[in-house]
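Novice: Let me give you the structure first, and then I'll get to my questions.
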Amino acid sequence: LEQTGIVDVSKMNIPPTPQGSSKNILYVSLGVVAVLFIILAIGGYMMYQSKQEEKLRQRQQTQFQIDSLKKANEQKLLRADTLYIQATNLRRDRNSMAKWYRSIALLSEAIELNPNDIRYYFERARGYWFTSEFSKAIPDLDKALEFTADFGKIQYAPASIYYMRAICRADNKDAKSY
């Protein structure tokens, strides 16, 4: 290029390379390799940091989802217990069949929210028993019996459940001396 006149080397201030300066070329080459290695190391570290930050974001997002589900489940269980309390309060007036039917409806809704609570099944069975719907009480009593395996944690004795179940099966409407 110098011969064509496109590049004028004399104006570039490039120092001439002394003859036999292979050591200089070696040192420059090693310097370039060291700089490239440093650049690659920094790039690799930055990629590692980026992946770690992404993993942290994913863990935080997962934890947020878990916390949201727990909160939703707690709210659902709280709503079920609230319905249970409302249902038991309605039944204090034993002479009002409408309140007993409303109580059964509330307990049905509580069971939909939390199907793992023996109280809901037993109390709904009592409602069916009181309203003389014995055939509807039996499945609830059977379900309540499934929960009696962990008897230490429940307040309903299996004997009382079997007793109610036997009365319902016999369809004895006079046995409501409850």
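Novice: Quick one: accessible surface of residue 112, probe radius 1.4 Å, all protein chains present, in square angstrom to the nearest 10.
Specialist: 150
Novice: Rolling a 1.4 angstrom probe over the protein chains, ignoring ligands and nucleic acids, what is the accessible area of residue 108 in square angstrom, nearest 10?
Specialist: Ignoring ligands and nucleic acids, residue 108 comes out at about 30 Å².
Novice: Further question: Is the stretch 23-119 rounded, prolate or oblate when judged by the Cα gyration tensor, a ≥ b ≥ c being the square roots of its eigenvalues, rounded requiring a/c under 1.5 and prolate requiring a/b larger than b/c? Mind showing how you got there, number by number?
Specialist: Details: a/c = 11.49, a/b = 10.15, b/c = 1.13.
In terms of gyration-tensor shape, prolate.
Novice: Right, something else. I'd like the accessible area for residue 47: 1.4 Å probe, protein heavy atoms, all chains in place, Å² to the nearest 10.
Specialist: 120
Novice: I would also like to ask the following. Calculate the dipole size of the stretch 62-121 relative to its Cα centre from +1 charges on Lys and Arg beta carbons and -1 charges on Asp and Glu beta carbons; express the result in debye to the nearest 20. Walk me through the intermediate numbers first.
Specialist: On the way: 10 positive and 7 negative charges, 55 e Å.
Using Cβ point charges on Lys, Arg, Asp and Glu, the stretch 62-121 gives about 260 debye.
Novice: Something else: Which of the three applies to the stretch 89-147, rounded, prolate or oblate, going by the alpha-carbon gyration tensor with a ≥ b ≥ c and a/c under 1.5 meaning rounded?
Specialist: oblate
The values are calculated or read from the model by the stated rules, or taken from the named source; none is laboratory data. Model, not experiment: these values are computed from the prediction. Note: ideal-geometry Cβ built from the backbone for every residue, glycine included; neighbour counts use all protein chains shown. SASA here: full protein model, heavy atoms, side chains in, ligands and nucleic acids out. Shrake-Rupley method; radii C 1.70, N 1.55, O 1.52, S 1.80 Å.
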